[in-house]
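In what follows, a single structure is set out as structure tokens and then discussed.
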Amino acid sequence: MSSRISGMGWITPLGRGVDKVWNRLLHGDESPAQTISRDEGNETYQAFLVPAEAVRNLPPHSRLRRASAISRFAAAAGLDAIAEATSMGLKIDVAKLALIFAVSNGGVIYTKRFYHGIVESGAQSASPLLFPETVFNAPASHLAAILGVEGASYTIVGDGAVGILGIKMASDLLETNAVDYCLVVAAEEADWVLCDAYSKWRLTRSSPPIEVFLDRPHGTILSEGAGAVLLGREGALQVDAINAGGNFAHQRNAGEVVERILWDLRDQNGCIVASANGTFVDLAERDAIKKQMPHSPVYTPKPAIGESVGASALWQVIIAGQALVKGQLPPMAHGSTDAGLRLSETASRSGSSAIVLACGLNQQAAGLRLST
Amino acid sequence: MSSCNAFNGTSKNCRVAVVAAGIVSPLGFGLAETLQALRNATDCIAAVSRFDVASCRCKTAAQIPDQRLLANRENSRKNARLHRASHMMIAAMTELFDRDPEFKPEVTVIGTTSGGMSFGEDYYRALHRHQNLRRSPEWIANYPPQKPVLDALKVFEISSPCFVIANACASGTNAIGRAFESVRSGKCQRVLTGGYDALSELVFVGFDSLQAATPEKCRPFDRDRTGMVLGEGAAVLALENLESAKERGAKIIGEILGYGISTDNHHLTQPDPSGSGPRRAMELALQSANCSPDKVDYINAHGTATPFNDAAEGKAISELFGNVPVSSTKSMIGHSLGAAGAIEAVVCLLALQSQFLPPNINFRASDPGLVLNIVANESRDAKIDIVLSNSFGFGGTNASVLIRKVAA
């Protein structure tokens, strides 16, 4: 395993910029939930949304003119990761740059708008401008065009674990001489239809806070944004193990897969950045951590920035990276004091390695370990 | 552990065998029916029966009959909840594992474009029309693209990692390519790969709105081509380190020799007219196989029958390969999007095994702008050893795989 993190970028409900958002997490800030209303009808939903100013200074590229929010988030995070690497003096030859885009729900806003037209007025009203933006790989295509990537570009789809699978694929690509760098970007956009769907799936709650590691989970709150990690052969952070995990047929079996991943990645001197989000995931992770790394500090960012599904694992990776570089973990909000885990209400020391656990909501789990 | 040669100074260079395959498509269920239908140049395109297309220009598609696909649906409540795409994947994997029960994949890499899209449509339509939403949890849980793959893996008690590639219409070939690279590099001994997609209203209307779908016959590379027709299906391939396959006595049905991927940034939905994107993918596939263009005996083209795609691909093929026989089997089975690359790889394997060229049906007149040797209207017997399969998609994704008859 030779890949290292050469640059990072993220755009979250707490803003944009690795250090800026990190400092807000360290101060214990939580994103305020915003109310999204259904296009028709009185129903409202709460979600953590990216502040509008965070995407204002994107480059004026023609591909972004009509692009959806998810493509803008992906571009913002991806370009920031590249900018961080170049600011450190790294030279990126775009001919040897690969792109991996990880996503779960994709461009729901345009997809809903496109299909709404069909349902409301029939096929003849369907918009040919919207349809191409509904395709899962549209954000990757836009980002590839902005960066000038003409080689490998992959869009991979999955649940909350998909970001880790993206890093695994990137790490594999880096092991050939064909690629010097691989930009992994994960993004998601929030919309009322997504909030409604996850609510009917019985995974969300009506309003914050997201309380984690409770015996009886109360549900999560969806959020949006993007995370990006530029993998290369240089950088302060090493990806020293990736476990692409596996699949669990039922929520009740998630713990077995998560425990197997943590057993593989365990480091008693390390910290854990978990994916606990107020759902069954909390119980799976709690039990696995108690068995495999009971004394390690545990942090999950979901109470502060919500459940961004496809983007969430890359946010966790960035937090894990920052924790190692800065030597501390942010304070853990709304964690159960009865969970039997080392959850700290104040910033705490991170340890010599950081393990990211990503247990998704739809049968996939994976993890990785970072060190300096 | 099997031996591999050094590759590019850093990675290994193991040979990659195909040891089994499974397929369900409008051509039929399984390899035998598929072969027969290819030989017979069967036109599988008919009026769309799954949803109302009265307001669309195009009114046809190649569909898998539900009566047969969903025959096991009522066997259990669990089966009844699954998406049609899950049933397609289960059918394809059943054939594969029937043919090689000993194949135990370490990783699965599958391509798709739209997952269980019709469940998303059911949910949104019911929501919008204030209809009964009792089934919404199952629609939502079974809508994501990974779900049909996981449903099928569960049937065979496979819980290893699963990568789902959604590179639009190139997804299936990209999945095979990534699986190939995993085995070739020595990272994995066995990878299950392929692709699936089920016909959905949203996607159908989308292509219709772009006027990419035709109200007429699908005529790839024809002078009078007017567009594509959609299809559906699933195909899976079992890739294994050749030495490992030989050691356990597996039946080797082909060898993946090379893979190329490129990105064309010309436009989100249209290729660069120069054909540079497809050409780069084909060149990279040849390079990775250390194979010269004159060794290629047949090309299963992406060939959607849209004016722009066929022009760009045809130009790239004729510049790179000259007079090699070319056909687009989409003329028979339509464009099955994320499944297309996998289905066409299986078509190539059948062509290699049975030594014939699959036909490009509905072909009437050569395009004066393209110098291509089209396998027009009827299958042809031919001695073929190496074939190339192309897939190109929205977002400028281009992928090509090179397949050889049987590992020597």
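The values are calculated or read from the model by the stated rules, or taken from the named source; none is laboratory data. Model, not experiment: these values are computed from the prediction. A quick note on method: Cβ atoms are made from the backbone with ideal geometry, for glycine too, and the neighbour counts reach across all protein chains shown.
Miscellaneous remarks
- Selected residue [among the polar types (S, T, N, Q) and touching a helix residue (DSSP H, G or I) at 6+ places or on another chain (Cβ under 8 Å)] from A:Asn277, A:Asn269: A:Asn277
- Matching residues, the stretch A:148-180, being of a type in the set (D, E, K, R) and either assigned to a loop (DSSP other than H, G, I, E, B) or within 15 Å of B:Ala166 (Cβ to Cβ) (or both): A:Glu150, A:Asp159, A:Glu175, A:Asp180
- Scope the stretch A:292-341; condition part of a loop (DSSP other than H, G, I, E, B) and small (Gly, Ala, Ser); matching residues: A:Ser296, A:Gly306, A:Ser308, A:Gly327, A:Ala333, A:Ser336, A:Ala339, A:Gly340
- Residues in the stretch B:54-71 that are within 14 Å of another protein chain (Cβ to nearest Cβ) and crowded, with 20+ Cβ neighbours inside 10 Å: B:Cys56, B:Cys58, B:Ala61.
- In the stretch A:221-276, the residues that are more than 21 Å from the chain's Cα centre (by Cα), part of a loop (DSSP other than H, G, I, E, B) and closer than 30 Å to A:Ser207 by Cβ: A:His250
- Residue that is surrounded by the most Cβ atoms within 10 Å (Cβ to Cβ), among those in the stretch A:160-201 that are at the interface with another protein chain (Cβ under 7 Å from one of its Cβ atoms) and under 16 Å from A:Ala313 (Cβ atoms): A:Leu165
- The requirement of being closer than 30 Å to A:Ser62 by Cα and among the hydrophobic types (A, V, I, L, M, F, W, C) is not satisfied by B:Ala351.
- Any hit, the stretch B:185-195, residues being over 30 Å from A:Met169 (Cβ atoms), within 14 Å of chain A (Cβ to nearest Cβ), buried (at least 24 other Cβ atoms within 10 Å of the Cβ) and modelled with pLDDT of 95 or more: no
- When the stretch B:74-111 is filtered for residues that are farther than 18 Å from B:Val18 by Cα, part of a helix (DSSP H, G or I) and of a type in the set (Gly, Ala, Ser), the ones remaining, listed by number, are B:Ala80, B:Ala85, B:Ser86, B:Ala91.
- From the options A:Ser171, A:Ser87, A:Ser121, A:Ser153, residue that is out of contact with any helix residue (DSSP H, G or I) (no Cβ under 8 Å at 6 or more places or on another chain) and in contact (Cβ under 8 Å) with a residue 24 or more places away in the chain: A:Ser171
- Matching residues, the stretch A:163-219, being within 17 Å of the chain's Cα centre (by Cα) and small (Gly, Ala, Ser): A:Gly163, A:Gly166, A:Ala170, A:Ala186, A:Ala187, A:Ala190
- Taken over the stretch A:101-134, the criterion of being assigned to a loop (DSSP other than H, G, I, E, B) and closer than 13 Å to A:Val193 by Cβ is satisfied by A:Asn105, A:Gly106, A:Gly107.
- Any hit, the stretch A:82-91, residues being closer than 17 Å to B:Ser118 by Cα and among the hydrophobic types (A, V, I, L, M, F, W, C): no
- Within the stretch B:198-212, residues that are under 26 Å from B:Ser86 (Cα atoms) and more than 7 Å from every other protein chain (Cβ to nearest Cβ) have Cβ atoms under 6 Å from residues that are part of a loop (DSSP other than H, G, I, E, B) and hydroxyl-bearing (Ser, Thr, Tyr) in these pairs: B:Ser200/B:Ser114; B:Val203/B:Ser114, counting only partners at least 6 apart in sequence or on another chain.
- Residue under evaluation B:Gly395, criteria (1) assigned to a strand (DSSP E or B); (2) within 14 Å of chain A (Cβ to nearest Cβ); (3) touching a Ser or Thr at 6+ places or on another chain (Cβ under 7 Å), criterion not met: (1)
Yes/no matrix, rows are residues, columns are (1) among the small types (Gly, Ala, Ser); (2) over 29 Å from B:Ser159 (Cβ atoms); (3) within 12 Å of another protein chain (Cβ to nearest Cβ):
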residue: A:Ser206; (1), (2), (3): yes, yes, no
residue: A:Glu211; (1), (2), (3): no, yes, no
residue: A:Glu234; (1), (2), (3): no, yes, no
residue: A:Ala241; (1), (2), (3): yes, no, no
residue: A:Gly246; (1), (2), (3): yes, no, yes
residue: A:Trp263; (1), (2), (3): no, no, no
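- Boolean, A:Ser141 is in contact with a Gly (Cβ under 6 Å, 6 or more places away or on another chain), within 9 Å of chain B (Cβ to nearest Cβ) and surrounded by fewer than 24 Cβ atoms within 10 Å (Cβ to Cβ): no
- Among the residues of the stretch B:196-221, the ones that are crowded, with 24+ Cβ neighbours inside 10 Å, part of a helix (DSSP H, G or I) and of a type in the set (A, V, I, L, M) come to 1 in all.
- So A:Gln34, is it farther than 29 Å from A:Asp180 by Cβ, of a type in the set (S, T, N, Q), crowded, with 18+ Cβ neighbours inside 10 Å and over 16 Å from the mean Cα position of the chain (by Cα): no
- Considering the stretch B:239-280, and only residues there that are over 22 Å from the mean Cα position of the chain (by Cα) and of a type in the set (A, V, I, L, M), the residue that is surrounded by the most Cβ atoms within 10 Å (Cβ to Cβ) turns out to be B:Ala245.
- Flag for B:Ser3 being within 14 Å of another protein chain (Cβ to nearest Cβ), surrounded by fewer than 21 Cβ atoms within 10 Å (Cβ to Cβ) and either at pLDDT 95 or above or in a loop (DSSP other than H, G, I, E, B) (or both): no
- Criterion: closer than 30 Å to B:Val183 by Cβ and either touching a helix residue (DSSP H, G or I) at 6+ places or on another chain (Cβ under 7 Å) or within 14 Å of another protein chain (Cβ to nearest Cβ) (or both) - qualifying residue of B:Ser118, B:Ser86: B:Ser86
- Complete set of residues in the stretch B:25-73 that are basic (Lys, Arg) and either within 19 Å of B:Pro220 (Cβ to Cβ) or part of a helix (DSSP H, G or I) (or both): B:Arg39, B:Arg57, B:Arg68, B:Arg73
- Among the candidates A:Gly41, A:Gly28, A:Gly89, A:Gly17, residue that is surrounded by fewer than 21 Cβ atoms within 10 Å (Cβ to Cβ), within 14 Å of chain B (Cβ to nearest Cβ) and at positive phi: A:Gly41
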